[in-house]
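See below for the structure under consideration.
The values are calculated or read from the model by the stated rules, or taken from the named source; none is laboratory data. Everything numeric in this text was worked out from a predicted model, so none of it was measured. Here the Cβ positions follow ideal geometry from the backbone for every residue, glycine too, while neighbour counts run over all protein chains shown.
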Amino acid sequence: MLEKARELDAADSLAPFRDRFDLPEGVIYLDGNSLGCLPRATPARLAEVVAQEWGKNLIRSWNSADWITMPQRVGGKIAPLVGAEPHEVIACDSTSVNLFKLISAALALRPGRKVILSEPGNFPTDLYMIDGLEKQGLAERRLVPRDTLVDALDDGVALLMLTHAHYKTGELFDMAAMTRAAHEAGAL
């Protein structure tokens, strides 16, 4: 089995990309969702940005270094990965900040409804975003076992918030069916 793995590694067209990252020898790093590996080119690029673009050009770098359009340019590069057109994706803030904004927008779109419905096994940071809104009195967190989610959709639910793939088990939700059920209950 080890020999087969080595053969597959040797034939992997993506294998040379490993050399672009500063990884200790022998480390297989699979926690990129939290903190990705440092690209080797990053320290020099950061030094250039700090010394020249920020240090010398100051506020002018919003235009001269084109910082102002960076969210759209980066989004355009991400777009093909998610099957979108370049103008349909924008990269900004962190996932958590954007999720907080989306939950807030969902609550605004469903006046009179404050419940954000999810499951206890949802990704912890996602649940923290609900907690933040709950502490402000803007939302009510309701967590139910995944097999009772559809039954828990009532006229108080503004948003059904799920992660497609469970972060611990890899189990997938039937998102089309869950979305239909949420919409039928008047939730997003």
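Listed values, structure above:
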quantity: In the range 127-168, residue farthest from the chain's Cα centre (by Cα) [restricted to those that are touching a residue at least 12 places away in the same chain (Cβ under 8 Å) and over 19 Å from R113 (Cβ atoms)]; calculated: P145
quantity: Single residue of the range 1-22 satisfying the filter (among the charged types (D, E, K, R) and part of a helix (DSSP H, G or I)) that is farthest from the chain's Cα centre (by Cα); calculated: E3
quantity: Matching entry among V74, V82 (being farther than 30 Å from T148 by Cβ, out of contact with any Gly (no Cβ under 7 Å at 6 or more places or on another chain) and surrounded by 11 or more Cβ atoms within 10 Å (Cβ to Cβ)); calculated: V74
quantity: Any chance A91 is of a type in the set (G, A, S), within 29 Å of L188 (Cα to Cα) and without any contact (Cβ under 8 Å) to a residue 60 or more places away in the chain; calculated: yes
quantity: Test: residue in the range 108-123 that is within 23 Å of K168 (Cβ to Cβ), at pLDDT below 95, touching a Gly at 6+ places or on another chain (Cβ under 8 Å) and surrounded by 15 or more Cβ atoms within 10 Å (Cβ to Cβ); calculated: no
quantity: Residue list for the range 34-54, restricted to those being in contact (Cβ under 8 Å) with a residue 12 or more places away in the chain, more than 20 Å from D66 (Cα to Cα) and not aliphatic (A, V, I, L, M); calculated: C37, P39, R40
quantity: Wholly within the range 108-188, strands (runs of 3 or more DSSP E) carrying at least 2 residues that are aliphatic (A, V, I, L, M); calculated: 115-118, 157-160
